[in-house]
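Below: the structure, in structure tokens.
What follows is calculated from the coordinates using simple rules that are stated; it is not laboratory data. Just so we're clear, the structure is a prediction, and the values are computed from it rather than from any experiment. Every residue, glycine among them, receives a Cβ derived from its backbone with ideal geometry; neighbour counts consider all protein chains shown.
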Amino acid sequence: MVRPLFIHLSLLLALTAVAVGTARAEAPSAAQQQELVRLVRQDCGSCHGMTLKGGLGPALLPADLAGKPTDSLVATILQGRPGTAMPGWSRFMTEADAEWVVARLQSGFPPVALQGGAR
């Protein structure tokens, strides 16, 4: 009787692992990463400060984001914050893009890469 239960639990765990592994999309391409850096610096920077130290919106520096759940930060980027000036950006980026942005914000956001002149 223990063996069928063990088999069912093992199968359930294996299926869960597969589902979790496929739920995460690929990281953005190098070109998309560059666009995301530009978007964060310019569009997010218009409220959060051009150096992300805060403005109308809160600071987005690693120390300010420490302890905040990554999933919550991703949801805020994609869906916005009702009742605040924070819009949702899901029309402009995927969940994988938002996850990449959060990871960069948590570790210190990269500067804008200038290729082919200033933007």
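Report the percentage of all Cα-Cα pairs in the range 27-107 whose separation exceeds 22 Å, rounded to a whole percent. Don't skip to the end; give the middle numbers.
Numbers: 457 of 3240 pairs.
Roughly 14 percent, rounded to a whole number.
Where does the charge balance sit around L73 when Lys and Arg score +1, Asp and Glu -1, over other residues with C-beta under 15 Å from its C-beta?
-2
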* Sorted by average packing, counted as other Cβ atoms within 10 angstrom per residue and highest first, what order do 47-55, 95-103 take? -> 95-103, 47-55
* Structure fact -> Calc'd 3J(HN,Hα), the range 51-65, phi into Karplus 6.51 cos²θ - 1.76 cosθ + 1.60 (θ = phi - 60°), Hz, glycine/Pro = x, comes to 9, 6, 8, x, x, 4, x, x, 5, 10, 7, x, 5, 6, 9
* To do: Would you kindly derive the ³J(HN,Hα) couplings of the range 85-100 from the backbone phi angles with the Karplus curve 6.51 cos²θ - 1.76 cosθ + 1.60 (θ = phi - 60°), listing them in order in whole Hz, with x for Gly and Pro?
  => 7, 6, x, x, 10, 5, 6, 10, 8, 8, 4, 4, 4, 5, 4, 5
